[in-house]
Amino acid sequence: MPRHVRGWRAARPVVLFALLATAGPSAAAPAEPLVANPDGRRTTSLDGDWRTIVDPYENGYYNYRYEPARYGYFANAKPRTPADLVEYDFDRSPVLAVPGDWNSQRESLLFYEGTIWYKRSFDDPRQSDGSRLFVWFGAANYRARVWLNGDKLGEHEGGFTPFNFEITDQLRPRDNFLVVQVDNRRLREGVPTLNTDWWNYGGLTRGVLLLELPRTFIRAYHVQLAPGSRDRLAGWVRLDGPRRAGRTVRLEIPAAGVRHTATSDSGGFAELSLDADLELWSPDSPRRYRVVLATETDRVEEEIGFRTLATRGSRILLNGEPVFLRGISLHEEAPWRAGRAHGRDDARRLLGWARELGANFVRLAHYPHNRFMVDEAERLGLMVWAEIPVYWTIDWANPRTWEVAAGQLTELIERDRNRAAVVLWSVGNETPPSAERLDFMRRLVERARALDPTRLVTAALERRYLDERTLLIDDPLGEQLDVVGCNEYVGWYDGQPAKADGLVWRTAWDKPLVMSELGGGALAGLHGEAGERWTEEYQEELYRRQVAMLRKIPFLAGLSPWILVDFRSPRRPLPGIQDYWNRKGLLSPEGRKKKAFFVLQSWYSELAGGAATGGEGR
Ligand code: GCU
């Protein structure tokens, strides 16, 4: 009997609202609940050149204690008289492009960790009287403080999730100045914490939009199949504004002949529950429907796919059929320009490589990627493992750290809850077992299920040797998960490639296993004997031995080898080989395929041809 993800009743809208009302990660002024689907609104982009001030001592925030409101950088001060002393001037300061990390835009900022101030001016763009205006940020790594016209809007912590502030009341007709202080310094109590194996790209790394919305508008919505059903839609709509109570909400899916209405309650919530005859989304047929939600004052639409998810023993079921996840891991990096990926073109190029590999699945590691990566994956028919950066040795006993992690998980789910491609929410990666860690992660799993009972929950766990031939996955966190992820580096950190030959794998649960990392390094174009580290031949041999080992694991439901393409890391200095790049990519930063690429591609081609379920095709 398939084990469906938790029953829909678990996510009563009132629970969601309570969670969201407390979700904001920052201890200061928590960011407001997200406005869903920004691209479906009336928007004004603030992308482009922003004036910036590099400020390693936070001079612009602290040094003006004597009259901060007048002289802090957030005040965008100008001398009032010839004698007035103002030691900065945004309008004569250098620019940085937004979206974009600062590290890859200026050589002097490549390793910079500190604060940079951004300033952008704009006129009130509203076209309708009485409408409301929000500023929506795709992400800012790692902490952001935001002001408009010198007034503090709030703060946000977490480098990879969107946040927004209403600015209706602070607006003036012309020359509004938006100032953002971004600070990418790593924190012991941060999420991630001090140590990571990726570049600490700082800045307004994703786009910034102004959203014009009616006084009462559709703030958020969930429109997906009810867990365990192929023909019943379940969801909700959350209205915001003075006339949110007792409103008629219309749901239309024209291509499916769906026209449905519901009425919002006193809090502005309208629950949706209706039959629908839909062609289901899958990697082989990534069907999406134009979905329209409307009230008498607002209208928003979005391309949404519908599919069912469940597990049965060690199988993952997509639309009721076992599916094998032929995956690959990716960082959110455009290696051809050595900076953060952020736009749709970047997503198409990276995911195009994954499709060339024969993948039907991508692990977007180790943090929420930008919305275009997820949308493009869905359009291309790639299932997605989405993840928050609860990575390695997090400060487990710190309540604020949990708030930050839970806030990022909430924002990830709020942003992507209608993306059929997202099949797995991952609450972390390679976190060392302890009582505090188990409690921290268990509560994150509960938070994920409370916010979204329609998807599977996972995490990348460690394994251990029972004896020299037997590897066991029995991390107690696995008990909480729907799907067990496991990272292993047999042949790289753990012996030579031939070590994989005689190994046997065990698991403590009758649950699907996704081998969420495996692999080894090679410098593209470096050739030699298969026993010689860093050659393409070594990596190729490692993948050959790994594939032979993986074929023998009966409870394996998928894999996402580490990693699609080489990526920058401050932990990889080996001159002439790494030069601050992690070389485990199957492609070089320029997109050159290494020999190991074709080993995995060959197996995926075989799996795609066969009945891609447990046992067959391995
Ligand atoms: C770990 C970790 C990755 C890291 C990889 C490596 O498994 O999850 O983030 O990049 O090992 O060492 O290359």
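Listed values, structure above:
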| quantity | calculated |
| --- | --- |
| Given (1) over 13 Å from the mean Cα position of the chain (by Cα); (2) farther than 17 Å from Gly158 by Cα; (3) of a type outside the set (S, T, N, Q), index of the condition Trp396 fails | (2) |
| Scan of segment 387-398 for residues that are crowded, with 24+ Cβ neighbours inside 10 Å and touching a helix residue (DSSP H, G or I) at 6+ places or on another chain (Cβ under 7 Å), ordered by number | Ile388, Val390, Ile394 |
| Test: residue in segment 423-434 that is small (Gly, Ala, Ser), surrounded by fewer than 18 Cβ atoms within 10 Å (Cβ to Cβ) and either modelled with pLDDT under 95 or not in a helix (DSSP H, G or I) (or both) | yes |
| Matching residues, segment 365-386, being within 16 Å of the ligand (Cβ to nearest atom) and surrounded by fewer than 24 Cβ atoms within 10 Å (Cβ to Cβ) | none |
| Filter pass, Leu526 being under 24 Å from Ser329 (Cα atoms), away from the ligand (no atom under 16 Å from the Cβ) and in contact with a strand residue (DSSP E or B) (Cβ under 7 Å, 6 or more places away or on another chain) | yes |
| Residue match in segment 399-417 (condition: among the polar types (S, T, N, Q) and open to solvent by 10 Å² or more (accessible area, probe 1.4 Å)) | no |
| Those residues of segment 309-324 which are open to solvent by less than 20 Å² (accessible area, probe 1.4 Å) and in contact with a Pro (Cβ under 9 Å, 6 or more places away or on another chain), in sequence order | Leu309, Ala310, Thr311, Ile316, Leu317, Leu318 |
| Selection count where residues are part of a strand (DSSP E or B) and in contact with a helix residue (DSSP H, G or I) (Cβ under 7 Å, 6 or more places away or on another chain), scope segment 505-530 | 2 |
| Members of segment 136-189 that are out of contact with any Pro (no Cβ under 9 Å at 6 or more places or on another chain) and among the small types (Gly, Ala, Ser) | Ala140, Ala144, Gly150 |
| Pairs where the first residue, in segment 511-538, is among the small types (Gly, Ala, Ser) and the second is surrounded by fewer than 16 Cβ atoms within 10 Å (Cβ to Cβ), C-beta under 6 Å, 6+ apart | Ala524/Arg592 |
| Complete set of residues in segment 475-485 that are open to solvent by 50 Å² or more (accessible area, probe 1.4 Å) and without any contact (Cβ under 8 Å) to a residue 40 or more places away in the chain | Glu479, Gln480 |
| Only listed residue being surrounded by 11 or more Cβ atoms within 10 Å (Cβ to Cβ) and either more than 19 Å from Gly203 (Cα to Cα) or not acidic (Asp, Glu) (or both), chosen from Ser108, Ser104 | Ser104 |
| Residues that are part of a loop (DSSP other than H, G, I, E, B) and in contact with a Ser or Thr (Cβ under 8 Å, 6 or more places away or on another chain), drawn from segment 197-224 | Asp197, Trp198, Trp199, Tyr201, Gly207, Pro214, Arg215, Thr216 |
| Members of segment 145-200 that are hydroxyl-bearing (Ser, Thr, Tyr) and surrounded by fewer than 22 Cβ atoms within 10 Å (Cβ to Cβ) | Thr168, Thr193, Thr196 |
| Matching residues in segment 295-308 - criterion: being open to solvent by 40 Å² or more (accessible area, probe 1.4 Å) and within 25 Å of the chain's Cα centre (by Cα) | Glu301, Glu303 |
| Total residues in segment 330-364, condition buried (at least 21 other Cβ atoms within 10 Å of the Cβ), in a loop (DSSP other than H, G, I, E, B) and of a type outside the set (S, T, N, Q) | 6 |
| Residue identified as in contact (Cβ under 8 Å) with a residue 24 or more places away in the chain and out of contact with any Pro (no Cβ under 9 Å at 6 or more places or on another chain) among Arg371, Arg355 | Arg355 |
| Residues being within 15 Å of the ligand (Cβ to nearest atom), in contact with a Leu (Cβ under 7 Å, 6 or more places away or on another chain) and not in a loop (DSSP other than H, G, I, E, B) - total across segment 486-504 | 2 |
| Residues that are of a type in the set (S, T, N, Q) and out of contact with any Ser or Thr (no Cβ under 8 Å at 6 or more places or on another chain), drawn from segment 508-544 | Thr535, Gln539 |
| Residue satisfying condition, being open to solvent by less than 30 Å² (accessible area, probe 1.4 Å) and of a type outside the set (S, T, N, Q), within set Gly525, Gly502, Gly558, Gly531 | Gly558 |
| Only listed residue being among the aliphatic types (A, V, I, L, M), open to solvent by 70 Å² or more (accessible area, probe 1.4 Å) and on the phi < 0 side of the Ramachandran plot, chosen from Ala75, Ala69 | Ala69 |
| Residue in segment 176-185 that is touching a residue at least 60 places away in the same chain (Cβ under 8 Å), of a type in the set (Val, Ile, Thr), away from the ligand (no atom under 16 Å from the Cβ) and in contact with a His (Cβ under 9 Å, 6 or more places away or on another chain) present | no |
| Near pairs, Cβ below 7 angstrom, 6+ apart or cross-chain, from segment 562-576 (more than 22 Å from Val514 (Cα to Cα)) to any residue that is among the aromatic types (Phe, Trp, Tyr) and more than 12 Å from the ligand (Cβ to nearest atom) | Arg568/Tyr580; Ser569/Tyr580; Pro570/Tyr580; Arg572/Tyr580; Pro573/Tyr580 |
| Wholly enclosed strands (runs of 3 or more DSSP E) of segment 229-294 bearing at least 3 residues open to solvent by less than 30 Å² (accessible area, probe 1.4 Å) and touching a Ser or Thr at 6+ places or on another chain (Cβ under 9 Å) | 232-240 |
| Filtered residue count, segment 534-555, keeping only those that are in a loop (DSSP other than H, G, I, E, B) and either open to solvent by less than 10 Å² (accessible area, probe 1.4 Å) or farther than 19 Å from Met515 by Cβ (or both) | 2 |
| Exclusive hit being in contact with a helix residue (DSSP H, G or I) (Cβ under 7 Å, 6 or more places away or on another chain) and modelled with pLDDT under 95, set Ala28, Ala21, Ala10 | Ala10 |
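The values are calculated or read from the model by the stated rules, or taken from the named source; none is laboratory data. Remember, it's a predicted structure, so these values are computed and weren't measured experimentally. A quick note on method: Cβ atoms are made from the backbone with ideal geometry, for glycine too, and the neighbour counts reach across all protein chains shown. Side chains are part of the model used for accessible areas, which takes the heavy atoms of the whole protein and leaves out ligands, DNA and RNA. Shrake-Rupley method; radii C 1.70, N 1.55, O 1.52, S 1.80 Å.
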